[in-house]
Each structure stands twice: as C-alpha cells, then as structure tokens.
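Quick notes on the structure that follows.
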Amino acid sequence: MIAGTGIGTCRGTGVGLDVGPGAAAETKSLAKSPPPDLAPRTPAGTTSSNPANDTALKLTGRDYISWSAISTFRTCPLKYKFRYIDGLEEETVSSALVFGTGIHTAIEQHFQANLAGEKQPTLDQLMFAYRSAWLPHEPEQVSFGSRETRESLDDLAGRMLTAFLASKHAGVNGRVLGVEEEIRGKLVEGVPDLYGRVDLLTEDRDALAITDIKTSRGKWSPEQVEDSGEQLMLYSKLASEISPGKKILTRFLVLTKTKEPVVEEHVREVELGNLQRTLAGFERVWRAIESGVFYPAPSVMACAGCGYREACRAWSG
Ligand code: SF4
C-alpha cells in the first residue's frame, strides 16, 4: 500500500498497488460500472485510520466520500440528502445518464482489451456493451428528451462509437496501467477519504495520464475544460505516488453527441501547488454535509433531470 493512498491493483499489469474498498448537466461525467456513488455500502465492522471515515459511515453507510457525492451536493444539497443520506430510490432516470453509462461501458471494454493484450472488440461488440446499460431500467422509468427515442439514441451511439474507433484516441500513448481503477485516500484532515474510479490510467516515458471520458452536446470550450478539472486534480493528488518524479497529466476525452460525432482531447499538466482552492472547497462541502445543511437549490438544469421531483415537492424542511 502506498502511504496515505489506496489505488486499485492495475489489472493484468503487474503494477503492485493495493486495492482500496469499494451524475445531470448536459455535459456530464459518464457513469461508471458501478459509479462511485452507487458503489456497495461499506460492510459493518470495517476499520479505518481516518476518523472522519467513521462519521461518513454513520451518515451515509459508506466510509468515504465520492466526487459524485460532492458534485451532487454542490448542484443541490437536498438532492444529495435524498440520494446519500436517505438512500431514496430515484423516481425516474434520465436517458442522458443511461446513454452515457452505455457509451462508457463500451469504451471501457475497448481499453480493457488493450490492457489484457486481447484482440480489439468490434463495433458490434461495443454496441452490445452499450446496450447492457439499458437492461436494469424499466422503459417507463426512463425520462427521454422531447426529440429522443431509444432507437434514435441507439443510432447516435453507433455513430459515436464508430467515430471513436476511427480516431487516434482509440489508441494508447505508452501503456495502459488500469481501466476503471479504484482510487482512494485522505486529502484533508478531518474529511473522509476521497474514493473514485479513474476511467483510464496510462503511462509513457515522461508522464502519468489520468483520463476521464465524457459525452457532450458539443465541443468543449476552454472554460468547460477549466470548470471540469477539479475531480481529476484531486485524483492526481492521490495518484502522484504511483510514478514519483513523472509529471502528471489530466486528460479529457470528449465524445460529442452531434450529427457527425467527433472525439476531442484536452490535456493539461497538473500543478499540484494549485490544488489549494479545490481542497478548500472539498472540505467546506464536507463540513456542510456533516452539519446537516440540506436545502433545495432549484434550477432549470438541475431539476429537469432530477429523479426526486415528487420527494422534493413533498419536502417541507
Ligand atoms: S427537483 Fe430540483 S430542487 Fe428538488 S431535489 Fe431535485 S434538483 Fe433539488
């Protein structure tokens, strides 16, 4: 175990690292399988060297906090409470979330084959993986956009995955260290461990790259790249001990949901000295959760895709 850090064993790579235990704007992080916020609850009796993990365990049934949880709280504290404190099942699930999960599952399979040294899956095999994301949901539970149908989304998925396979980003610079790697560790005193999954972890001669895969309605602006960087900054801090001395890159692969999909890459070198602001925000969110400060934060973007609209209407403080 790397001191202070838990990161999942890089499957099939021989990189000997210990395994740590095991969200709806238009441009959103693709859900994982399972996403950190839906990772299994921590078994009773688990011990930890971080006292704040015990507080988290009592509050949420998990002895850590995920980026999805932080992000959900920042979007709407009441939504956070419904999902993480009350454990309420969502009344509906947005088609964008299921679609994103499907694309993510397919691309994960693509890079898993690379990691295992196996033959690259075909488009049909990737589409099979994509479709698996729809299986857990009853059709009437899925909330589609006004111009969407399951068929139109399947067609879009086929075009996006075709564009991905034809792009240079289907290849890997250097070698794959891990796909969907669990990562965990204490970042701030008094705050539970951050737990998450890295979509793709790669290494070449000079750098370790932490890649997050996104779907988006369109190409990203520099501001979107900037605004989306906090999660990877924190993961970089946790991963910085994997390859001491190497620079760390954060990398977004953005697949656009446009008529003719494209795959964009946004790479940045991490300056760990610039982490302070992100860490301060991370701590403040936890302090608010710990204090039980939960209130509705209605907005067009957040409420349109929220699965707790009925529970929210019934809430009275
Ligand atoms: S409907 Fe809107 S205000 Fe209510 S919980 Fe959901 S996101 Fe928050």
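Points to keep in mind about this one:
- A protection proxy built from the mean count of other Cβ atoms within 10 Å ranks the segments 90-102, 277-289, most packed first, as 90-102, 277-289.
- Of the trypsin sites (Lys or Arg not before Pro) in the range 148-250, those whose Cβ has at most 15 other Cβ within 10 Å and which sit in DSSP loop: Arg205, Arg217, Lys219, Lys246
- Gained length - Gln276 relative to Val262, 0.36 nm times residue gap less alpha-carbon distance: 1.6 nm
- Length gained on full extension, Glu241 to Lys119, computed as 0.36 nm times the residue gap minus the Cα-Cα distance: 40.8 nm.
- Within a straight-line Cα-Cα reach of under 30 Å, Lys168 can be paired with the following lysines, leaving aside sequence neighbours fewer than 8 residues apart in one chain: Lys28, Lys32, Lys119, Lys214, Lys219, Lys237, Lys246, Lys247, Lys257, Lys259.
- Gyration tensor verdict on the range 239-317 (Cα atoms; rounded if a/c is under 1.5, prolate if a/b is larger than b/c, oblate otherwise): oblate
- Gap separating the Cα centres of the range 274-313 and the range 128-187, nearest whole Å: 26
- The GluC sites (Glu not before Pro) of the range 223-270 that DSSP puts in a loop, and whose beta carbon has at most 16 other beta carbons within 10 Å, are Glu241.
- When the P(r) is computed for the range 70-214, the part past 20 Å accounts for 60% of the Cα-Cα pairs.
- Relative counts (whole %) of C-alpha pair distances in the range 180-248, using bins that are 10 Å wide: 17, 46, 31, 5
- Extended-chain gain in nm, criterion 0.36 nm per residue less alpha-carbon gap, Glu148 and Phe128: 5.2 nm
- Separation in nanometres of the label points that stand 7 Å from Cα toward Cβ, at Ser291 and Lys58: 1.8
Each reported figure results from applying straightforward, stated rules to the coordinates on display, with no laboratory input. Just so we're clear, the structure is a prediction, and the values are computed from it rather than from any experiment. Positions of Cβ are backbone-derived with ideal geometry, glycine not excepted, and every protein chain shown enters the neighbour counts.
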